[in-house]
Amino acid sequence: MAMTHLQPDPSPYPADAFAAFELLSSAILVIDDDGLIRYANAPAEDLFEVSVRQLYAVQAGDLFRDGEQLRQSLEEARRHLFADKRQILEIDRLGREPTQVSVTVVALDGQPWPALIELREIEQQLKVDREERLLEQAQANRELLRNLAHEIKNPLGGLRGAAQLLEAELSDPALIEYTQVIIQEADRLQTLVDRLLVPHRAPRIVGDVNIHEVCERVRSLVLAEYPNGLRIVRDYDAAIPEFRGDKAQLIQAVLNVVRNAAEALSARIAAGDAEITLRTRVARQVTLAKQRFRLALELHVMDNGPGIPPELLDRIFHPLVSGREGGSGLGLTLTQTFVQQHEGVIECDSRPGLTDFRLLLPLP
């Protein structure tokens with residue numbers, strides 16, 4: 001991408017003319033009559049990986065591999081031949097593969113600038129759409145589970161009580177054994193129902209949270225369970241600030257993921273080469289639950305296990321879905337609930353030899 005490094009000239013527009021664009025998650029470029037960039041917001045800096053100073057007064061078409069298409073669209077916008085026009089173009093960034101972006105040119109009336117350009121990475125747009133679907137699905141799952149748990153809970157108490165009354169009238173030990181089976185199974189179902197209702201019942205205790213204290217607590221708990229054959233690697237960014245949250249919920253959320261990883265590593269633990277990595281980083285200009293955040297915590301839980309079966313990967317956060325014999329299928333569902341209660345998201349990528357759970361939480 002050919003760019004001239006010009007010193008910004010005094011803007012012909014009011015100082016606050018573009019303030020609203022800084023609140024948007026998409027990249028915005030404001031273009032003058034000559035096709036030059038006169039304003040770029042922070043997401044545009046992130047997209048092109050250069051500063052506003054480097055973007056200022058650059059020919060917008062020079063930013064793209066096939067800039068002639070854009071130059072033609074800007075000329076048509078200047079002549080008011082359309083209201084808006086969308087096209088797919090490619091940008092080059094140093095050390096990266098060419099990136100496809102959705103480019104929308106908007107013709108403006110009654111403004112001192114003739115056009116603006118809105119840009120979104122195709123991959124990023126697909127990611128946002130996927131996160132929105134996951135949020136909607138998670139909300140539907142929570143409502144279903146809560147309603148189902150309440151429907152089960154009421155007759156369950158009556159069933160257990162009736163079994164206890166019947167047992168009191170029986171003298172034959174063989175028959176009492178049957179009532180004990182009923183009582184024990186009722187108790188097991190009660191425990192399951194209580195777990196389903198935990199996120200909705202327990203009050204949140206919000207305070208200052210240091211994510212590395214959370215990681216260290218989880219690390220010590222899991223290593224106590226697996227003292228031999230498992231290595232948990234710390235890869236922390238010490239500059240990550242504290243944030244407001246429920247520390248107990250976050251410990252449980254991370255613990256569920258790390259325990260799942262340890263259970264999936266059973267063969268490697270036996271061989272002595274099992275490894276889980278806890279990595280923390282700061283992500284910038286992140287959209288979470290349709291809201292834009294300047295900074296976000298990015299926590300990766302990575303393991304070198306066999307990977308999640310492809311047929312389960314899209315459903316691992318659904319309730320009662322488990323890839324492990326005897327698993328309840330509630331651990332990751334609860335983790336997703338706790339993360340979403342902190343306005344965050346959790347994602348997973350998996351292939352043989354590497355499973356990566358990524359938690360994103362907004363930072364102040």
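The values are calculated or read from the model by the stated rules, or taken from the named source; none is laboratory data. Source: prediction; values computed, not measured. Because the Cβ atoms are built from the backbone with ideal geometry, glycine has one as well, and the counts that use them run over all protein chains shown.
For this structure, a couple of remarks:
- Test: residue in segment 301-308 that is surrounded by fewer than 16 Cβ atoms within 10 Å (Cβ to Cβ) and assigned by TED's automatic domain parsing to the domain that holds GLU225: no
- Contact map, segment 63-83: residues that are over 17 Å from SER102 (Cα atoms) and at pLDDT 90 or above paired with residues that are among the aromatic types (Phe, Trp, Tyr) and surrounded by fewer than 19 Cβ atoms within 10 Å (Cβ to Cβ), Cβ distance under 9 Å, separation 6+ or inter-chain. Pairs shown: GLU76/PHE82.
- Selected residue [under 30 Å from GLU275 (Cα atoms) and modelled with pLDDT of 85 or more] from ALA224, ALA168: ALA224
- Filter result for GLU225 (out of contact with any strand residue (DSSP E or B) (no Cβ under 9 Å at 6 or more places or on another chain) and either outside the structural domain of ARG358 (by TED's automatic domain parsing) or of a type in the set (Asp, Glu) (or both)): yes
- Residue check for ASP273: surrounded by 14 or more Cβ atoms within 10 Å (Cβ to Cβ), of a type in the set (Asp, Glu), closer than 27 Å to ILE316 by Cα and out of contact with any helix residue (DSSP H, G or I) (no Cβ under 6 Å at 6 or more places or on another chain): no
- Scan segment 222-244 for residues that are out of contact with any His (no Cβ under 6 Å at 6 or more places or on another chain) and either assigned to a loop (DSSP other than H, G, I, E, B) or surrounded by 14 or more Cβ atoms within 10 Å (Cβ to Cβ) (or both) and the total you get is 16.
- Within the set ILE269, ILE308, the sole residue that is outside any helix (DSSP H, G or I) and touching a strand residue (DSSP E or B) at 6+ places or on another chain (Cβ under 7 Å) turns out to be ILE308.
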